[in-house]
Amino acid sequence: MALSLKQLDSITSAFNAKEQAYDKIIRVCCGTGCITSGANRVLEGVLTAVEREGLSSKVLVKKTGCHGLCERGPIVTLGNDEILYQSVGKRDVAADVDLLLKTVTEGKVADKLLFRDSARKEKYTSSLDIPFYKGQKRIVLAMNGLINPEEIDDYIAHGGYRAPFRAFQMTPEEIIDWVTKGGLRGRGGGGFLTGRKWSSARAAKGGLKYVLANGDEGDPGAFMDRSLMEGNPHAVIEGMVIGGYTIGAQQGYIYVRDEYPLAVSRLTKAIEQARDYNMLGHDVFGSGFDFDLEIYRGGGAFVCGESTALMSSLEGKSGEPRDKYVHTVEHGLWDKPTNLNNVETWANVPHIINNGLDWYTSIGTKKSTGTKIFSLVGKVNNTGLIEVPMGISLREIIFGLGGGIRGKRQFKAVQTGGPSGGCIPEQHLDMPVDFDSLTSIGSMMGSGGMIVMDERNCMVDVARYFLRFLTEESCGKCVPCREGTRRMHEILDRICKGAGKIEDLMHLEELGKALQWGAICGLGQSAPNPVLSTIRYFSDEYKAHIIEGRCPAGVCKEITTFTIMEEKCTGCMRCAAECPMGAIIGEKKEPQRIDDLRCITCGICYDVCSFDAIKIG
Amino acid sequence: MVQLSINGKKVTAEEGEALLKVARREGFVIPTLCYHELLGSSGRCRLCVVEVNDAGKKRVVASCLYPAKENIEVFTDSDEVRLVRRTVLELLLARNPSAELIQHLAKQHGVTEVRYTPDQDKGKCILCNLCVRCCKDIVGVSALGMSGKGPMKKVGPPFDEPSETCIGCGACVVICPTGHIAMEEEKGVRTVWQKKFELAACPKCKRYHLPLFQLEWISKTRNIPVEELMVCEDCR
């Protein structure tokens, strides 16, 4: 039986009444990051303790999706953002659970579990005050960390599934107009106007049409889509229902990489619950519109995040892309008109419908509206998942939310856009983060990976790393990508080993152009970006490798030596204690020396020295 | 029908017709490796690239797949096109140094030097996929396929084991543009893709001609008695 809007409201009231019956709510983050840090043990510990203390009727323990501050997991929050505890149970689950209970019963805030900003040395009680959260605008991620992703009533109680009702009262053309005027652009990387895509898919001839969600996130260091699918799966479903209605599709597929088992299981549960409430299936919400969803698990190829490769894989064929001279909105999955959007794009749709155009366009910049989720990783103090308004500067993200660079180091570059993105240097840190600005400086928005690097990152080595990744992940269909990426990697490897020639730089640029022009899909066409952007902004570093035969960052082993400067060494022996090879020789309180025969140039001595006594040569 | 121009010459084509076909019909030379008239296009080799100017939007495209449209301008020999072709040929020459066809094409396109370490393990296979498509679409047995990805991608029967479905017809050998696929015949036995096939001896001239396996397969699918097929084509 189809649910009415009224019934959704009564589910909401019943759910809220149930939660309000408790004095306190403890929320334990059960996203993948926190689970790997032991969140399941914490959850179990809290549940047992609450029962043991006879608090079951007073304290509600909930598991939630990702809070974003993954590095400090397991994260536990109390009340509505009143208290955030981090690294709970990392050393001693029982002791930390006791502290938690004391907070609940006696109101005693556990100092040791509070978030401490390593840059500012300040402690924060509420997550609302922590700069990492303060600088964010959480719209798509608003319910992550708040609701239990496995309970549809929780989603409904927080305003979920209202958007389709509004959408069904609009004509598909009106919805397309909203999405287009709202300026929503594809969050998966391309930045194509979603409304325009929907409009083409709607106009495409052919009875059967499909809507697809791309959850095949494969960039190293990126976990935006995973956290969204795990933490708020219904938002994706809700968006797809509206998309299906708009373009006239009755079937949708969510393509999720199989390496995301938790996302698969939570989405599966969410789809079943949505079907039970008739939000999927025959006559959705009594609208006369039929729509159903299925999950398709990807086989682990990075290229399957590319639209045509994804469709080929979904059809059961090998994940090879094809030329898109004929668009997938006309001939897509099984040759039918198909509309593919990234999961984050889908999750934006209900917000536009619920809150209206003016609200949506007031967020972000004129040409890049709304928010974007990034996974901020690398050499920043606070790594994790952030949702920020478009147009925020890179500096605000890295030095504000991220708390700056770790230790005493200097910022060198930030890599955006995943493996095919580019490395952005200091001079562009005040650039607004939006689709067009990032492209204009040789990088791209991509799906939202953001890797921060400091002076100990070698930019040639970074380019080599990404080209190796792309070589292995190239599907091998077209010659420029299959052979070109591996040869670019071959040249970069040679440069890193000190055997590069100055003409290699021109050769790399030439190969880069051939790939941009000649490769079939986005993977090959953008594969040269890490190389071209590092040559553009860090040519000195390339030249140091080629002409002077040294790696300024001390990363490329073959051309790096470490020496101890006698005049600065205090003989504290810290490096000797850390050296895995026992290569540091000397008496205590006397200057030390490195035995070159034993040294493997790992650089640990350099990293641990408090007196800057070690020199990279 | 649509009007377009190729290297400045006005030509007419059917809407959606592949540019390669149009250009060749009009006498323009465009090299290809993975395209075959019987098997169509797959856009793998990228040798057939041309530059297209569609209402001011310029891009390099695979002509074997790009559909003819009204008013587009096509250039078969622009700087961009030449760079992509030369790159493809240098890369292939590094992959398949012994492939005569690649040597020939590289020379023709002015690729005189290979700046990479040549591969020793790829033979002459350029992964054009023609053998796979031929086995599936013309022979109809799908004994061959691609496996692996990136530089590890290769062609062959599943798991590199003698295929259960291969009928030993040798069509793959014939269609392979570089002569990568080896087929040997000795003492009435044909070996291809590591599988041995007993050859049928013609009852009239006693000459070995086709594998028995292939004759049985033709007999079964075309409903012709095996005895008839045992007689070689010359004696029929």
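The values are calculated or read from the model by the stated rules, or taken from the named source; none is laboratory data. Owing to the predicted nature of the structure, the values given are computational and were not obtained by experimental measurement. Neighbour counts are summed over all protein chains in view; Cβ atoms, including those assigned to glycine, are modelled from backbone coordinates with ideal geometry. Side chains are part of the model used for accessible areas, which takes the heavy atoms of the whole protein and leaves out ligands, DNA and RNA. Shrake-Rupley method; radii C 1.70, N 1.55, O 1.52, S 1.80 Å.
Measuring nothing but alpha carbons in chain A and taking Rh as the Kirkwood radius, the Rg to Rh ratio lands at 1.00. Note on A:Lys615: lysines with a C-alpha under 27 Å away, same-chain residues under 8 apart excluded, are A:Lys379, A:Lys408, A:Lys412, A:Lys497, A:Lys501, A:Lys543, A:Lys557, A:Lys568, A:Lys588, A:Lys589.
Each Cα pair of region B:1-146 feeds into the Kirkwood radius, which the Stokes-Einstein equation turns, at 25 °C and 0.890 mPa s, into a diffusion coefficient of 150 µm²/s.
Under the convention that each Lys and Arg Cβ holds +1 and each Asp and Glu Cβ holds -1, the size of the dipole of the protein assembly as shown around its Cα centre is about 820 debye. For the chain pair B and A, buried accessible area totals roughly 2800 Å², probe 1.4 Å, rounded to the nearest 100.
Too long at a 31 Å Cα-Cα cut-off: which of A:Lys62/A:Lys123; A:Lys63/B:Lys149; A:Lys336/B:Lys69? Violating the 31 Å limit, Cα to Cα: A:Lys63/B:Lys149. Which trypsin sites (Lys or Arg not before Pro) in region B:129-197 pass both tests, a DSSP loop state and at most 14 other beta-carbon atoms within 10 Å? When the trypsin sites (Lys or Arg not before Pro) of region B:129-197 are filtered for loop state and at most 14 Cβ neighbours within 10 Å, B:Lys187 remain. The distance separating the Cα centre of region A:41-56 from that of region A:387-415 comes to 39 Å. Computed over neighbours whose Cβ is under 15 Å from that of B:Leu229, the net charge equals -1, Lys and Arg +1, Asp and Glu -1. Find how many whole Å separate the alpha carbon centroid of region A:277-354 from the alpha carbon centroid of region A:486-516. Each part's Cα centre sits 38 Å from the other's. Annotation note: chymotrypsin sites (Phe, Trp or Tyr not before Pro) in region A:60-141 located in DSSP loop regions with a Cβ neighbour count of at most 10 within 10 Å are absent. A cut-off under 15 angstrom between Cβ atoms defines the neighbours of A:Gly190, and their net charge, with Lys, Arg +1 and Asp, Glu -1, is -1. Taking the helices alone, chain A has a mean residue ellipticity at 222 nm of -11000 deg cm²/dmol, built from -39,500 (n - 2.57) per DSSP H run of at least 4 residues and averaged over all its residues.
Tell me the net charge near A:Leu262. Cut-off is 14 Å between Cβ atoms, A:Leu262 excluded, with +1 for each Lys or Arg and -1 for each Asp or Glu. Value of the local net charge: 0. Annotation: per residue accessible area for region A:127-255 equals 30 Å², rounded to a whole number [probe 1.4 Å, protein chains only]. If you take the Cα centroid of region B:21-83 and the Cα centroid of region A:101-150, the two points sit 58 Å apart. Restricting the calculation to Cα atoms, region B:112-236 shows an Rg/Rh of 1.05 when the hydrodynamic-style radius is the Kirkwood one.
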